[in-house]
Structures are given as structure tokens and as C-alpha cells.
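Below: the structure, in C-alpha cells.
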Amino acid sequence: MQRYFIPEENLNNDIITIDGEDAHHIVRVMRMQVGDKIICNPPNANGAICEIIQIEDYFVMAKTIEWLNYNAELPVSVTIAQGLPKGDKMDLVLQKGTELGASAFIPFQSKRSVVKWDARKADKKIARYAKIIKEASEQSHRSNLPEIKSVMNLKELIKESETYQVKIIAYEEEAKTHPFQSYASIISKLNTGDRVLICIGPEGGFSSEEVHSLKEHQFIPVRLGPRILRTETAALYALASISYQLEELGGQ
């Protein structure tokens with residue numbers, strides 16, 4: 001059943017109004033009719049099965065039939081601070097990271113990021129990122145839409161990190177040390193509701209100055225396995241490991 005995320009203002013008791021691109025998708029792409037059923041997700045709700053009761057060119061109206069007792073969110077809130085990568089790698093991190101349960105993403109302007117954020121195009125780029133996240137959330141039946149924050153530099157990222165209980169930096173040099181700081185040992189101690197910030201470097205990794213500053217602000221450097229991962233792989237490894245630890249092993 002097709003899922004759509006609905007702004008709070010579009011919900012009026014048991015009646016939901018759908019407009020914009022979602023209405024276009026229902027009418028022109030899916031070619032739905034009055035009586036067809038969809039799932040609508042208002043903010044901070046698990047979603048509801050709804051029946052379409054009216055279709056116009058620019059909006060669709062639906063009535064809630066049954067609220068779902070289903071939550072697809074990780075038991076901890078994980079934010080990925082991704083060092084800006086080249087090409088369309090950020091798109092991949094956002095799409096797959098959403099599927100794997102990330103609650104938020106922070107584009108991070110690292111010292112070694114080849115890509116430089118163009119402030120004039122910032123709003124347009126964030127809007128495109130938000131669309132990627134929304135589509136991935138609908139496809140993966142997420143209960144909530146992950147947040148995409150504005151790009152941050154190191155100083156801003158450190159300030160942002162003050163609200164997190166657990167702060168991790170994926171540091172490739174940690175994989176070469178003996179003994180090394182195990183990622184598994186960190187995530188095995190997570191508690192339900194913890195806010196976790198995982199910082200991933202760009203293609204060139206973090207500079208020693210960045211690592212020093214992050215460690216000074218309680219970021220824990222860890223290795224993500226014995227192999228050196230590409231930047232777009234690291235975030236997905238980190239999220240998949242948390243899901244396995246807390247949702248699969250924890251559910252046994």
C-alpha cells in the first residue's frame with residue numbers, strides 16, 4: 001500500500017488533505033480512484049490506513065479508517081554527520097541511510113572535502129536532499145521522516161554535538177592500532193532513546209587536527225571493521241550494525 005507523509009496542518013480530525021507532488025503522484029502516476037486505500041503518515045504518528053473520498057486536479061482528500069500500531073524506527077536516534085563527498089555519493093548515503101533507520105543527516109564541510117558548499121545553491125540542494133529522504137522513507141515504510149540539517153563546519157558540528165549522549169568518529173587509523181577501540185563495544189552499551197552522533201569523513205578522511213578537536217569534545221574514535229571503507233559505505237555499515245545489535249540481537 002502506497003505511503004505518504006502528511007504535514008500536521010493537512011490533518012483535520014479524521015480527514016486528510018494531500019496536495020502538491022503527492023497529489024500528482026496519486027492522480028497521475030498511480031491513477032488511483034475514489035475508494036482506493038493509502039497509508040498516510042502525519043508527524044510523530046505511526047500512520048493510518050486511509051480511503052480516498054475525493055480527487056481533484058491539485059488535491060486529494062482521504063478519510064482515516066484505521067490507525068496502525070506499527071513503528072519502524074530504531075530504538076535509538078542516530079544522526080549521520082557525513083563529510084561532503086564527491087559526485088552523487090551524498091544521495092546514496094541519504095537514500096540508503098534512511099532505509100537503514102537514520103533519524104537525521106548533517107552535511108559536514110570537512111577540511112579534506114573536495115566538494116565545497118555553494119551558499120547560493122544551499123536551499124535548492126537541501127530541498128533536493130529532503131526529497132530523496134522523503135521518497136526513501138515512503139519506500140521503506142518509515143514512521144518518521146529523517147531531518148536534513150544545513151551544512152556545518154567543524155566548529156558548528158562540535159556545538160551541535162552537545163545534545164548527544166554518544167558521539168562517535170569513524171577513524172581509519174583506529175583500524176591499524178592494537179588494541180583498537182571496537183565499534184561493537186560502543187553500540188552494545190546503547191540504551192533505548194539514546195541520541196547518537198556518528199561522524200564520517202570524506203574520501204580523504206579526517207585531518208589529524210579535526211580528529212584531535214573531536215576527541216577533545218568526547219567523540220570516541222572507532223574502527224568500522226578491519227578494512228578501510230569508502231565514505232559512502234561507512235555510514236551504512238554503522239547503521240546496519242546498530243540495527244542488528246538493537247533490533248535483531250536485542251529482539252531475540
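Worth a mention:
- Residue count for region 111-165 under the criterion of being among the hydroxyl-bearing types (S, T, Y), in a helix (DSSP H, G or I) and surrounded by 15 or more Cβ atoms within 10 Å (Cβ to Cβ): the result is 3.
- Checklist (1) out of contact with any Asp or Glu (no Cβ under 6 Å at 6 or more places or on another chain); (2) part of a strand (DSSP E or B); (3) closer than 16 Å to H141 by Cα applied to V78, failing item: (3)
- For the criterion of being under 28 Å from H212 (Cα atoms) and in the same structural domain as A102 (by TED's automatic domain parsing), S150 passes.
- Candidates T192, T79, filtered to the one that is of a type in the set (S, T, Y), out of contact with any strand residue (DSSP E or B) (no Cβ under 9 Å at 6 or more places or on another chain) and under 30 Å from Q2 (Cα atoms): T192
- Exactly one residue out of I80, I106, I6, I52 is surrounded by 20 or more Cβ atoms within 10 Å (Cβ to Cβ), at pLDDT below 95 and among the aliphatic types (A, V, I, L, M): that is I6.
- Top-ranked residue in region 11-24 [being part of a helix (DSSP H, G or I) and crowded, with 17+ Cβ neighbours inside 10 Å; ranked as nearest to the chain's Cα centre (by Cα)]: D22
- Screening region 194-252 for residues that are among the aliphatic types (A, V, I, L, M), more than 20 Å from S103 (Cβ to Cβ) and outside any helix (DSSP H, G or I) and picking the one that is modelled with the lowest pLDDT gives I228.
- Residues in region 62-77 that are hydrophobic (A, V, I, L, M, F, W, C) and surrounded by 18 or more Cβ atoms within 10 Å (Cβ to Cβ) were compared, and the one that is farthest from the chain's Cα centre (by Cα) is A62.
- Filtered residue count, region 117-144, keeping only those that are free of Cβ contacts under 8 Å to residues at least 60 places away in the same chain and at positive phi: 0
The values are calculated or read from the model by the stated rules, or taken from the named source; none is laboratory data. Source: prediction; values computed, not measured. When we count neighbours, we look across all protein chains shown, and the Cβ atoms used for this are built from the backbone with ideal geometry, even at glycine.
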